[in-house]
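Derivation of every value follows stated rules applied to the coordinates shown; laboratory data play no part. In this text the structure is predicted, and so the values were computed from the model without any measurement. FYI the Cβ positions are ideal-geometry reconstructions off the backbone, even for glycines, and counts take in every protein chain you see.
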Amino acid sequence: MNFYLSQMPERTARPRTYGITMVMDKGLSLREAEDMLSVGEPYIDIVKLGFGTSYVTPNLRAKIELYQSHNIPVYFGGTLFEAFLVRNQFDDYIAVCKDYDIKYMEVSDGSITIPHAEKCGYIEKLTKYGTVLSEVGSKDATHIIPPYKWIELMRAELAAGSTYVIAEAREAGNVGIYRGSGEVREGLVNEILTQIPGEKIMWEAPQKAQQLYFLELLGCNVNLGNIAPTEIIPLETMRIGLRGDTFELYLDKKESK
């Protein structure tokens, strides 16, 4: 940090196993990625190359190597995994990950229907090649999954080998664990947390109000995903009480003036 302040919460340090900030890269140029790293590197734990952007992004290999040179894992969005799968190209997906030295992989079924036992089989297979994150929840706003089912799916995917389960929200934060308005489905979140350890869940939270909800609920070291590159520093200040929304969270009222 640049100077001393008392009464600051204790943040985990990189490489973190919880308190993770997953940043979504939706097609940054190489220069933009360098600029992002120049200020955000200490607070970026994982970069997701969103949905299928890696298929069309110029200088993809150079950008992946840039992130990796800063010890930041990179992975392809789950939609790309599904695009390979629906074309019967699962082995090709593995080959692409190997070619780009991608050691993190996302398994999702938000755009296509995969029998859950089969999905868990893909998770188990991919654990031989690296760290697996699996996404639970549909991208279809009309497909409402009851809380007991979220818990059942998350538990099975962790048992199959997922290091983290991702609570689906899309890049806009308006499906899955959120209502169409972006409001958190609080009952769902609290019920999930009765059965699934919070440090094993990556909550997709692209909106500021959503980030604030989880920080107030689970503290500064909650795992948050789908963070925009321009929101890395603002989010970190909100995590540690240096933004108006969380200013009072960690203050000892007896000591503060």
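At-a-glance table
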quantity: So Gly40, is it touching a helix residue (DSSP H, G or I) at 6+ places or on another chain (Cβ under 7 Å) and more than 20 Å from Leu224 (Cβ to Cβ); calculated: no
quantity: Test: Tyr122 is more than 19 Å from the chain's Cα centre (by Cα) and buried (at least 16 other Cβ atoms within 10 Å of the Cβ); calculated: yes
quantity: Helices (runs of 4 or more DSSP H) wholly inside the range 180-257 that include at least 1 residues being farther than 24 Å from Leu37 by Cα and free of Cβ contacts under 8 Å to residues at least 40 places away in the same chain; calculated: 186-193, 208-218
quantity: Given (1) within 20 Å of Glu231 (Cβ to Cβ); (2) basic (Lys, Arg); (3) part of a helix (DSSP H, G or I), number of the condition Arg61 does not satisfy; calculated: (1)
quantity: Any hit, the range 40-54, residues being over 20 Å from the mean Cα position of the chain (by Cα) and not aliphatic (A, V, I, L, M); calculated: no
quantity: Selection count, the range 1-32, where residues are closer than 25 Å to Arg170 by Cβ and touching a Phe, Trp or Tyr at 6+ places or on another chain (Cβ under 7 Å); calculated: 1
